[in-house]
1. Near LYS142, which aspartates and glutamates are there with a Cα under 18 Å away, not counting those fewer than 8 places off in the same chain?
2. Of ALA13, HIS166, MET1, which is farthest towards the positive pole of the chain's charge dipole, taken about the Cα centre with +1 and -1 on the beta-carbons of Lys, Arg and Asp, Glu respectively?
3. Gain in length, GLU28 to ASP146, computed as 0.36 nm per residue apart minus the alpha-carbon separation, to one decimal in nm?
4. In terms of the Cα gyration tensor, with a ≥ b ≥ c the square roots of its eigenvalues, is region 58-144 rounded because a/c is under 1.5, prolate because a/b exceeds b/c, or oblate?
5. From the residues GLY133, VAL109, GLY30, which one has its Cα farthest along the dipole of the chain in the positive direction, the dipole being from +1 and -1 charges on Cβ of Lys/Arg and Asp/Glu about the Cα centre?
6. Calculate for the chain the 222 nm mean residue ellipticity that helices alone would give, adding -39,500 (n - 2.57) per DSSP H run of length 4 or more and normalising by residue count, nearest 500 deg cm²/dmol.
7. When you count, for each residue, the other Cβ atoms within 10 Å and take the mean per peptide, how do 136-146, 66-76, 9-19 rank with the highest first?
8. Can you tell me which aspartates and glutamates have their Cα less than 14 Å from the Cα of LYS3? Leave out same-chain residues fewer than eight positions away.
Amino acid sequence: MAKLYFYYSSMNAGKSTTLLQSSFNYRERGMATMLWTAAVDDRYGQGRVVSRIGLEAQAHLFDPAIDMFVAIAAQHEATPLSCVLVDEAQFLSRDQVWQLAGVCDRLDVPVLCYGLRTDFQGELFEGSAHLLGLADTLSEIKTVCDCGRKATMNLRVDGQGQAIRHGAQTEIGGNDRYVALCRRHFAQQMGQ
């Protein structure tokens with residue numbers, strides 16, 4: 001039986017690199033994969049999964065209007081899929097997480113989702129919350145805080161490196177906007 005996997009971490013832990021390596025491993029063995037990424041994340045252009053170390057691949061775009069089960073089932077019918085990989089999975093809706101579970105349960109295709117667990121205020125993203133509840137396997141990808149402890153939080157910063165405490169949950173950015181910190185240093189920066 002295929003499984004739904006959720007690989008989560010803070011920013012800059014190598015989620016996209018790991019996704020691209022997993023896809024490469026399948027394809028190297030002649031197996032078809034289908035990559036997805038969030039339409040809202042256009043840092044590197046539309047429909048691209050890009051890692052900070054230079055790996056990249058084309059991907060299908062999802063937004064709240066996309067029925068992931070229908071799209072994946074159509075592709076699977078045309079070219080049998082061995083794996084579906086989803087980058088920026090925190091941006092999935094509740095329904096889309098259930099649709100991905102259906103891909104595993106009804107199409108018997110494993111789905112590997114990669115994303116942030118929490119936002120810049122320590123709150124769960126919708127997609128992450130439902131993946132934490134529904135995924136068969138949860139795996140944390142680790143990175144480190146400046147102090148050497150495990151980084152689990154994402155601090156949003158302004159142009160001068162000062163913590164931003166309020167704002168919209170989603171603001172696309174990389175190292176220029178976010179710093180991965182341990183909980184202790186995150187709390188200090190947030191004034192908690």
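1. Result set, ordered by chain and number: ASP87, GLU88, ASP119.
2. ALA13
3. Length gained, GLU28 through ASP146: 38.8 nm.
4. On the way: a/c = 1.93, a/b = 1.72, b/c = 1.12.
Here region 58-144 falls in the prolate category.
5. GLY133
6. On the way: 5 runs with 55 residues, N = 192.
Theoretical 222 nm ellipticity from helices: -8500 deg cm²/dmol.
7. Numbers: 136-146: 14.1, 66-76: 16.6, 9-19: 21.8.
Top to bottom by mean Cβ count within 10 Å: 9-19, 66-76, 136-146.
8. ASP105, ASP108, ASP136
Readers should treat all values here as calculations from the given coordinates under stated rules, not as data from a laboratory. Values in this document were obtained by computation on a predicted structure and should not be read as measured data. Reconstructed Cβ throughout: ideal geometry from the backbone, glycine too, with neighbour counts over all protein chains shown.
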